[in-house]
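Bear in mind these aren't lab numbers, they're just calculated from the coordinates by the rules spelled out. Because the structure is predicted, anything quoted here is derived from the model rather than measured. So basically every Cβ, Gly included, is an ideal-geometry build from the backbone, and we count neighbours across all protein chains shown.
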Amino acid sequence: MTTRRVLFFSEAVTLAHVARPAALAGAIAANHHVTLARAPWAGPFIDDARLEQRDLHSVPSSTFLESLRLGRPVYDAATLERYVEDDLALIDAERPDLVVGDFRLSLSISARLRGLPFVTITNAYWSPWYREPAPLPVLPWTARVPLPLARAAFALARGPVMASHTLPINRVRQRFGLPSLGWNLRRVYTDADWLALADSPALYPTPGAPDSHRYLGPIAWSPPAGSLPLWWSRPRQVRPIAYLSLGSSGPAGLTGALIQGLLAAGFDIWHTAAGGAGHTSPDGRVFSAPWLPGELACQRADLVVCNGGSLGVQQALAAARPVIGVASNMDQFMNMGPIVQAGAGLLLRADRVSAPAVAQAASGFGLSAGARAAARRLSALQARLSAGTRFAQLVREIVGESTRPQGRSDAQDHARPDPGLSAAVQPGRAAGVAERAIHR
């Protein structure tokens, strides 16, 4: 097969958007010339000598997360216009045969201006063909309003509010002579020639989607282990272990309440502080480190507590561990819905977290046989898919020889419900479940 040049763009506003392109770039590096563009701070997290790396500007994570917190568009037109110029400069320097991005919205413009095939890595729940409505995220006013009233207000405002988030990208498209993408935010977030969906089709179905929708399955990634903390090799105590990792986009201000609740529920805690100093416990029940290899930590824990995002949840399920998601932004609520519906996850709203609520959730759900059994079922479901293999197949199809059999398309296969999965997570059943699970 002819070696092709594949240029990956990671939008380094969260670590997940760096991790996924890095993992997929590694999956094809043996057969293609691969370059990964990422923010300078992300370089130490990419431990793969086969990848050429290039610096790429992304807005600071703090700026991005503040926009999410306030419910405003995550990029303004000026930022997106700069992104397009940066994209074009890198594309012209690298001269790729294929462009792959992860939440780099400007590639919807820059790849088309250069006439290059473009793959976007995304989650299936952002597809316009995903049928579940967008749930109520945590916003500055939601903590002060009863949830039924907040949900009703959001249902009325959801359409216009989400449409307003499409305005910056459409303005920039107009400046570069491209047509508008309309007011559907899911279309704006996923506009590409191919969608590489980092999910299982049985959990997040997109019935009727075109053949350009390709399910890869969960994309496995952990930060480089480096030197593990001394406590990592200590003999395990009798008490169960909770692995607490809020990642780069979780509500760090809630860490204290989460630790108190987990301790009250009888757990020892392994805590990754996302680069911070972490927490200490005088009784030796809380063990912290700036970073931990998430996949290994999940395997050694009994319960995983994370921000509800896809990377942390998929790591938990790969290890067949129940997961409590402490969700803030819409992406995290959308991701958790089917996991809650399947019985392997529990959702806590970040605007209503307290130590007693965490203790109740962890001692009940976290140690239940039903949750463990559901996590094992979803773990087996995830294991059926190999994201690296499927992505390599997609790349061969786009830029070279294809080994995909003729006949029924991948999208048609994936649109069919999985007969081995409970009806509880089949299409049309997950709407609103995540938010109703705890907070009624």
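Quick notes on this structure:
- Length available on full extension from Q237 to A30: 0.36 nm per residue minus the Cα-Cα distance, which gives 70.2 nm.
- Label-point separation, T3 to S180 (7 Å along Cα→Cβ), nm: 4.6 nm
- Summary of packing: across the peptides 250-262, 367-379, 298-310, the per-residue average of other C-beta atoms within 10 Å ranks them, highest first, as 298-310, 250-262, 367-379.
- Backbone amide hydrogens, once placed in the peptide plane, bring H213 within less than 5 Å of L195, excluding anything fewer than 5 places away on its chain.
- Net lengthening on full extension, A252/R376 (0.36 nm per residue, minus Cα-Cα): 41.8 nm
- CD proxy at 222 nm, helix term only [per DSSP H run n ≥ 4: -39500 (n - 2.57); per residue of the chain; nearest 500]: -11500 deg cm²/dmol
- Phi to ³J(HN,Hα) by Karplus 6.51 cos²θ - 1.76 cosθ + 1.60 over segment 311-321, Hz, x for Gly, Pro: 5, x, 5, 5, 5, 4, 6, 4, 8, 6, 10
- Distance from segment 141-210 to segment 79-135 (C-alpha centre basis), Å: 15 Å
- Order of W231, W41 under a 10 Å beta carbon neighbour criterion, fewest first: W231, W41
- The 3J(HN,Hα) values that the Karplus relation (6.51, -1.76, 1.60; θ = phi - 60°) gives for segment 357-362 are, in residue order, 5, 5, 4, 5, 5, 5 Hz. Gly and Pro appear as x.
- Positive-end residue of A93, L378, V6, charge dipole of the chain with Cβ unit charges: L378
- Amide hydrogen neighbours beyond the local backbone of A39, cut-off 5 Å, H modeled: A12, L56
- Ranking of H213, H57, H33 by count of other Cβ atoms within 10 Å, fewest first: H57, H33, H213
- Residue-wise HN-Hα coupling along segment 118-134, computed from phi with Karplus coefficients 6.51, -1.76, 1.60 (Hz; x: Gly, Pro): 9, 10, 10, 8, 8, 9, 4, 6, 8, 5, x, 8, 7, 8, 6, x, 5
- Here each label is just a point 7 Å from Cα along the line to Cβ, and for A155 and D92 those points are 5.2 nm apart.
- Point-charge dipole on Cβ atoms (K/R +1, D/E -1) for the chain, about Cα centre, debye to 20: 1020 debye
- Amide H partners (placed H, <5 Å) of R104, local residues excluded: E11
- Order of D268, D102 under a 10 Å beta carbon neighbour criterion, fewest first: D268, D102
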